[in-house]
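Have a look at the structure below, then the notes.
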Amino acid sequence: MAGDLHTHSTCSDGSVPIHRLSLMAARLGLSALALSDHDTTLSAQYAYDHPVQDGVRLIPAAELTGYDFERSHRVHLLTFWPDLDCPALRRHCDIMRQRRNECALQSCRNVEGTGRKASRADKPLLPRGGWCLL
């Protein structure tokens, strides 16, 4: 049983829409695929809703961001079959989404400060309200 336990879709920082990942995995001969987007339960919910797609077993997962205070750096933890009703998990994902949005807005402000233009012209091509830098 060949599989991939760490994949990302456009639910976080991946470039492929979630509904297309299983077909790509099937073409590669994989029989299982964990949908493990960063700090969101969207991909896990998708896997719960579609346990087998294109002949590939979808494994609900999430890649959670944490901080190792002893070593002073960020860490990523893969979780499989997360409890989507867990208040702590929902709170964590909400906090991380807010932080990522703030960082993205600051990046846009930084780009604007260089005189380059930031445009939403290609918004339909980008994940959930992303920006295209011209």
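Could you say which residue among Pro127, Pro82 is modelled with pLDDT of 95 or more and not in a helix (DSSP H, G or I)? Selected residue: Pro82, the only one of Pro127, Pro82 that is modelled with pLDDT of 95 or more and not in a helix (DSSP H, G or I). His6 - would you say it is surrounded by fewer than 13 Cβ atoms within 10 Å (Cβ to Cβ) and modelled with pLDDT of 90 or more? Judged against the criteria, His6 is a match. Here Ala34 qualifies as modelled with pLDDT of 95 or more, in contact with a Leu (Cβ under 6 Å, 6 or more places away or on another chain), among the aliphatic types (A, V, I, L, M) and surrounded by 14 or more Cβ atoms within 10 Å (Cβ to Cβ). Within the stretch 66-87, track down each residue that is of a type in the set (Phe, Trp, Tyr) and touching a residue at least 60 places away in the same chain (Cβ under 8 Å). Within the stretch 66-87, just Phe80 meets the criteria.
Just one of the listed residues (Arg74, Arg57) is charged (D, E, K, R), surrounded by fewer than 12 Cβ atoms within 10 Å (Cβ to Cβ) and in a strand (DSSP E or B), and it is Arg74. Being over 18 Å from Cys93 (Cα atoms), buried (at least 17 other Cβ atoms within 10 Å of the Cβ) and not hydrophobic (A, V, I, L, M, F, W, C) holds for only one residue in Ser12, Ser22, and it is Ser22. When the stretch 20-54 is filtered for residues that are in contact (Cβ under 8 Å) with a residue 12 or more places away in the chain, farther than 20 Å from Asp85 by Cβ and in a helix (DSSP H, G or I), the ones remaining, listed by number, are Leu21, Ser22, Leu23, Ala25, Ala26. The single condition among (1) under 22 Å from Ala2 (Cβ atoms); (2) over 13 Å from the mean Cα position of the chain (by Cα) that Gly14 does not meet is (2).
The values are calculated or read from the model by the stated rules, or taken from the named source; none is laboratory data. If you're wondering where the values come from, they're calculated on a predicted model, not measured in any experiment. Note: ideal-geometry Cβ built from the backbone for every residue, glycine included; neighbour counts use all protein chains shown.
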